[in-house]
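Student: My structure is below; once you've seen it, I'll send some questions.
The values are calculated or read from the model by the stated rules, or taken from the named source; none is laboratory data. From a predicted model like this one, the values you see are computed outputs, not experimental measurements. Counting neighbours? That spans all protein chains shown, and the Cβs are built from the backbone with ideal geometry, glycine included.
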């Protein structure tokens, strides 16, 4: 299986010199969804645009949620809502290179009224979702992932 995006960048008329050009670009996901992307604000990007680090946190959060929902459905848990606040942290990896070194997920799960699970059962289901998430497995050797 292959999954694709299209990325488009055009120099804005200035010379391509360090610190003198815009990294703003557009990423297309299929024919219906485009997103404006730029460097993170700390690296001179527009804070109004998404940056690759946020996109990585979003991919992990989405994958984790979809895996959690699939597992919850199999377990008969009536999930009514799910939200997350994912945070990507930059730092130096063991090779001394800048990278996303950690992503923290803060999922909040709501169930239909009258249904409840213990904190331990919920934690175990979050752990299972983490172990089966494709994106988490992709990042497993290089990024610390915490679920709070």
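Student: With respect to residue 104, determine if the residue is within 22 Å of residue 129 (Cβ to Cβ), touching a helix residue (DSSP H, G or I) at 6+ places or on another chain (Cβ under 9 Å) and in contact (Cβ under 8 Å) with a residue 12 or more places away in the chain.
Tutor: yes
Student: Residue pairs, Cβ under 8 Å, 6 or more apart or interchain, first in region 10-30 and at positive phi and modelled with pLDDT under 90, second part of a loop (DSSP other than H, G, I, E, B) and surrounded by 10 or more Cβ atoms within 10 Å (Cβ to Cβ). List them.
Tutor: Final answer for the pair search is 19/44.
Student: Now for a different question. Give the number of residues within region 49-82 that are in a strand (DSSP E or B), under 19 Å from the mean Cα position of the chain (by Cα) and within 21 Å of residue 129 (Cβ to Cβ).
Tutor: 2
Student: Considering only residues that are over 15 Å from the mean Cα position of the chain (by Cα) and within 17 Å of residue 59 (Cα to Cα), look in region 117-141 and name the one that is modelled with the lowest pLDDT.
Tutor: Once the filter is applied, the top-ranked residue is 141.
Student: Let me ask something else about it. Can you tell me which of 7, 16, 90 is assigned to a strand (DSSP E or B) and either exposed (fewer than 12 other Cβ atoms within 10 Å of the Cβ) or over 19 Å from the mean Cα position of the chain (by Cα) (or both)?
Tutor: Answer to the check: 7.
Student: Now a separate question. Condition check: without any contact (Cβ under 8 Å) to a residue 60 or more places away in the chain and assigned to a loop (DSSP other than H, G, I, E, B). Does residue 85 satisfy that?
Tutor: Spelling it out, residue 85 is indeed without any contact (Cβ under 8 Å) to a residue 60 or more places away in the chain and assigned to a loop (DSSP other than H, G, I, E, B).
Student: Quick one: residue 39 ticks every box in (1) surrounded by 15 or more Cβ atoms within 10 Å (Cβ to Cβ); (2) farther than 30 Å from residue 9 by Cα; (3) out of contact with any helix residue (DSSP H, G or I) (no Cβ under 7 Å at 6 or more places or on another chain) bar one, so which box is it?
Tutor: All conditions are met except number (2).
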